[in-house]
Amino acid sequence: MKDDLFSRDQEAYGPLAARMRPLCLDDYVGQGHLLAPGKPIREAIERNNLHSMVLWGPPGVGKTTLAKMLAELNDAHFETLSAVLAGVKDIRNAIEKARQVAVSSGRKTILFVDEVHRFNKAQQDAFLPFVEDGTVIFIGATTENPSFELNNALLSRSRVYVLKSLAPEEIFHALSRAMNDEERGLAKLNISIAEEQLMTLAQAADGDVRRALNLLEIASDIALESEAGLIIDQSVLEQVLLNETRRFDKGGDLFYEQISALHKSVRGSSVDGSLYWFARMLDGGCDPLYIARRVVRMASEDIGNADPRGLRLALDAWEVQERLGSPEGELAIAQAIVYLAAAPKSNAVYNAYKRARADVASSPSYDVPMHLRNAPTSMMKDMDYGAEYRYAHNEEDGYAAGERYLPEEMAASRYYEPVNRGLEIKIAQKLQRLRERDEAYWAEQQD
């Protein structure tokens with residue numbers, strides 16, 4: 001007898017999103033790259049050749065539902081653990097149950113671990129021998145990058161499948177099914193909603209079908225009464241969608257993907273792309289001060305001395321945000337972002353700094369040359385501290401040609417190479433003139 005994966009109570013009385021979980025592949029929306037004919041998971045189902053896997057994707061795209069369907073379609077026993085609540089003891093209990101099922105019925109067991117990225121290394125290691133010997137077919141679900149969060153040993157025993165956010169059209173299909181389903185959906189409530197309003201909910205869900213169904217259920221609870229029945233109109237949707245935000249997990253993959261997109265757009269001189277990702281992050285609830293700090297970093301790393309005004313403008317925007325808050329501060333940050341995106345670009349300082357750091361890390365701690373040392377005491381003067389130092393302000397044009405400021409062992413090192421853009425064109429020209437004077441000085445000394 002197959003497991004009752006979707007309990008009768010849940011089907012009858014649970015939240016709409018739980019009641020409307022697909023019971024067959026035809027009802028499952030999205031993920032055609034995995035489930036369409038000839039695609040990897042469809043092939044595994046049809047050949048009854050299930051394997052351990054990690055399902056990686058944002059919330060509400062069907063990870064749990066897919067795992068349950070795999071068990072149902074392959075007549076496998078289904079055990080589930082939540083990494084938020086479970087420990088090693090729970091893992092052992094699940095393994096023991098899988099062994100009992102194998103002995104009593106000969107059936108395989110799918111061990112589904114939700115939010116598997118929350119398990120620590122020891123907990124993840126606890127799965128390995130049982131995945132290896134086939135006691136369980138491991139399916140982990142995660143919203144975080146598995147290569148960062150999961151042990152290599154566990155990854156090597158599993159295939160990673162990426163589940164994508166659902167398109168509005170796919171979510172619309174799921175919402176329509178919920179509206180027309182009399183047994184598990186809302187059809188028996190006699191609610192009417194225009195396709196335009198249904199698509200509004202689909203778009204507001206931001207790729208998350210569970211969120212869409214939750215929004216639809218809230219809308220049905222406050223639907224307006226009429227002679228013909230209940231109505232969900234634009235006024236109802238405005239109440240439901242009040243304060244709704246886009247998907248944005250601070251500290252998670254989406255967070256870092258979006259700040260990376262903003263940074264790369266600024267670096268790539270895309271004003272429009274920069275503004276879009278800035279607006280997306282704000283829309284998702286990101287702290288504007290965090291963005292302001294990152295914009296300051298962009299000004300130094302990617303604009304640098306090609307336009308030093310960019311750094312000042314970024315700092316000013318940060319200060320405006322601190323002093324005035326939103327929305328005035330956000331406008332100032334937008335101004336800085338646009339300026340930086342349009343500014344000439346140079347990472348010469350960034351690269352020079354990295355090269356200097358690398359040299360310091362890989363080289364001995366060379367002594368400071370004697371002429372560069374300070375000599376506040378007579379004893380230090382007697383030891384030639386500061387001897388032969390040339391005070392630049394007393395030299396022609398304020399430059400002591402030929403003076404050396406690096407340790408002797410590193411005299412030939414050169415870190416900063418200005419680019420041929422913006423103010424760095426003039427900086428490069430000046431540095432070249434100074435180097436020519438240095439060469440002329442040492443040529444005279446040799447003569």
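The values are calculated or read from the model by the stated rules, or taken from the named source; none is laboratory data. Since the structure is predicted, the reported quantities are computational estimates derived from the model, not experimental observations. Neighbour counts run over all protein chains shown; Cβ positions are idealised from the backbone, glycine included. Heads up: the accessible areas ignore ligands, DNA and RNA and are worked out on the full protein's heavy atoms, side chains in. Shrake-Rupley method; radii C 1.70, N 1.55, O 1.52, S 1.80 Å.
Answer yes or no as to whether Gly60 is under 23 Å from Glu217 (Cβ atoms), in contact with a Lys or Arg (Cβ under 6 Å, 6 or more places away or on another chain) and either modelled with pLDDT of 90 or more or of a type outside the set (S, T, N, Q) (or both). If you could, list the steps in order and put the result at the bottom.
Details: under 23 Å from Glu217 (Cβ atoms): yes; in contact with a Lys or Arg (Cβ under 6 Å, 6 or more places away or on another chain): yes; either modelled with pLDDT of 90 or more or of a type outside the set (S, T, N, Q) (or both): yes.
Yes; evaluated as a whole, the condition is true for this residue.
Looking at segment 326-337, is at least one residue under 30 Å from Gly273 (Cα atoms), modelled with pLDDT of 90 or more, hydrophobic (A, V, I, L, M, F, W, C) and open to solvent by 80 Å² or more (accessible area, probe 1.4 Å)?
Yes, segment 326-337 contains a residue that is under 30 Å from Gly273 (Cα atoms), modelled with pLDDT of 90 or more, hydrophobic (A, V, I, L, M, F, W, C) and open to solvent by 80 Å² or more (accessible area, probe 1.4 Å).
Mind listing whichever residues of segment 103-158 are modelled with pLDDT of 90 or more and touching a Pro at 6+ places or on another chain (Cβ under 9 Å)?
Gly140
Taking segment 54-75, which residues are hydrophobic (A, V, I, L, M, F, W, C), under 21 Å from Val116 (Cα atoms) and surrounded by fewer than 22 Cβ atoms within 10 Å (Cβ to Cβ)? Can you show your working first?
Within segment 54-75, the subset hydrophobic (A, V, I, L, M, F, W, C) is 54-56, 61, 66-67, 69-71, 73.
This time we only want the ones that are under 21 Å from Val116 (Cα atoms), so: 54-56, 61, 66-67, 69-71.
The one that is hydrophobic (A, V, I, L, M, F, W, C), under 21 Å from Val116 (Cα atoms) and surrounded by fewer than 22 Cβ atoms within 10 Å (Cβ to Cβ): Leu70.
If you go through segment 418-429 one residue at a time, do you hit one that is assigned to a helix (DSSP H, G or I) and among the charged types (D, E, K, R)?
yes
Check whether at least one residue in segment 401-410 is touching an Asp or Glu at 6+ places or on another chain (Cβ under 9 Å), closer than 30 Å to Ser270 by Cβ and either of a type in the set (A, V, I, L, M) or part of a loop (DSSP other than H, G, I, E, B) (or both), and report yes or no.
no
Look at Glu238 and say whether it is over 26 Å from Val61 (Cβ atoms), open to solvent by 70 Å² or more (accessible area, probe 1.4 Å) and assigned to a strand (DSSP E or B). Before the answer, list the steps.
Numbers: over 26 Å from Val61 (Cβ atoms): yes; open to solvent by 70 Å² or more (accessible area, probe 1.4 Å): yes; assigned to a strand (DSSP E or B): no.
No; evaluated as a whole, the condition is false for this residue.
Quick one: how many residues across segment 299-320 are over 22 Å from Ala428 (Cβ atoms) and of a type in the set (A, V, I, L, M)?
5
Could you list, in sequence order, the residues of segment 369-387 that are under 52 Å from the mean Cα position of the chain (by Cα) and exposed (fewer than 13 other Cβ atoms within 10 Å of the Cβ)?
Asn374
Is one or more of the residues making up segment 177-186 farther than 16 Å from Pro22 by Cβ and at pLDDT below 90?
Yes, segment 177-186 contains at least one residue that is farther than 16 Å from Pro22 by Cβ and at pLDDT below 90.
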